[in-house]
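J.: Have a look at this one before I ask anything.
The values are calculated or read from the model by the stated rules, or taken from the named source; none is laboratory data. Note that the structure is predicted; figures quoted are calculated from it, not measured. With ideal geometry, Cβ positions are generated from the backbone for all residues, glycine too; neighbour counts draw on all protein chains shown. The accessibility values were calculated without ligands, DNA or RNA, using every heavy atom of the protein model including side chains. Shrake-Rupley method; radii C 1.70, N 1.55, O 1.52, S 1.80 Å.
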Amino acid sequence: MDEKEQYEFDRQGYIVIKELLSGEEVASLARAIDELEEHALRHLDLPPRKQSAWGPEYHANPERGYHVQGAKGQGRTLIVEDFWNADPAFDLLADHPRTMQYIRAVVQGRVTVNNSELRVRYTGNHSGTHMGGPIDHKYCYGHNAKGIDAMMVRMIYFVHPVSNGEGAFCVVPGTHKTNRPSPYGNDPHAEPGMIGLEVEAGDGILFTENLRHGGFVNRSPRTRKTLHVGYGPFWMMSQNIATMDEPPHLTEQTRARYRREQLDLFRAWPPRA
Ligand SMILES: O=C(O)CCC(=O)C(=O)O
């Protein structure tokens, strides 16, 4: 992460990273995403169920190790959490070298993954605006003598282009530093200062969870599909909705596949044995 990127991340709370993924990585992830969406839709209403402490009920898939909630249809979103377990094609995002250069520049100390979701947003869907201003310490943005000191940050990976009309991820730049809660509710189209971040396939967006963000309405016939990975200091447990504040949900099969460096990224709080 160069000096200009660090300056912009600190000033605005996000950066768009062009060509973060190679063409090969995009093609392989896009195939895995389509297959996982189909699998998750077929199993969505089946047992076993997992009740999230934050509200929604999930299907916990025993064979593929993911959690899914939501629906397919006009205005709906499907959320598949813990996608790592579902397909080895996602392994390339665990300890992804270019990503980790960015993450280590904005999170201090030992870093772990705390969130993983495939977000599938069908026509008519939007993501309500949230965060910004004073916030739970887990999501705070800070800066100290060592540089940027963010708690939870997220990388969004794009495997197809997304324009504003196709439901772009949107932000109110600088709101990670505001001192008052936003008075504008959660309609992303109603908030002054909200901008859409249009991207191409292979681009990434890195942002602090402290920033006010959401997703514009997808007014196109194309379904928007993105992968979101959260990072933070090692003491933070899962920030997935299905497994909030529990240890990271990594199956034995996934653990058996991973290199030491990949496993370390999922080693929250307890020290290495
Ligand atoms: O991409 C979107 O539509 C919203 C994503 C979001 O809220 C998040 O990643 O925290």
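J.: In the set Ala53, Ala30, Ala40, which member is of a type in the set (Gly, Ala, Ser) and under 22 Å from Asn210 (Cα atoms)?
T.: Sole residue among the options that is of a type in the set (Gly, Ala, Ser) and under 22 Å from Asn210 (Cα atoms): Ala53.
J.: Return the pairs, sorted by first residue and then second, in which the second residue is open to solvent by 20 Å² or more (accessible area, probe 1.4 Å) and assigned to a loop (DSSP other than H, G, I, E, B), the first residue lies in region 222-248 and is under 17 Å from Tyr102 (Cα atoms), the beta carbons are less than 7 Å apart, and the residues are 6+ apart or on different chains.
T.: Gly232/Met151; Pro233/Gly109; Pro233/Met151; Phe234/Gly109; Phe234/Arg110; Phe234/Trp269
J.: Name every residue in region 136-157 that is outside any helix (DSSP H, G or I) and more than 17 Å from the chain's Cα centre (by Cα), in order of residue number.
T.: Hits for region 136-157 are Asp136, Gly142, His143, Asn144, Ala145, Lys146, Gly147, Ile148, Asp149.
J.: Looking at Tyr102, Tyr58, which is the one that is buried (at least 19 other Cβ atoms within 10 Å of the Cβ) and part of a strand (DSSP E or B)?
T.: Testing whether each residue is buried (at least 19 other Cβ atoms within 10 Å of the Cβ) and part of a strand (DSSP E or B) leaves just Tyr58.
J.: Moving on to the next point. Residue check, Asp149 against (1) among the charged types (D, E, K, R); (2) away from the ligand (no atom under 16 Å from the Cβ); (3) surrounded by fewer than 15 Cβ atoms within 10 Å (Cβ to Cβ), all met but one. Which one?
T.: (3)
J.: Which members of region 115-146 meet the condition of being of a type in the set (S, T, N, Q), away from the ligand (no atom under 12 Å from the Cβ) and buried (at least 16 other Cβ atoms within 10 Å of the Cβ)?
T.: Thr123
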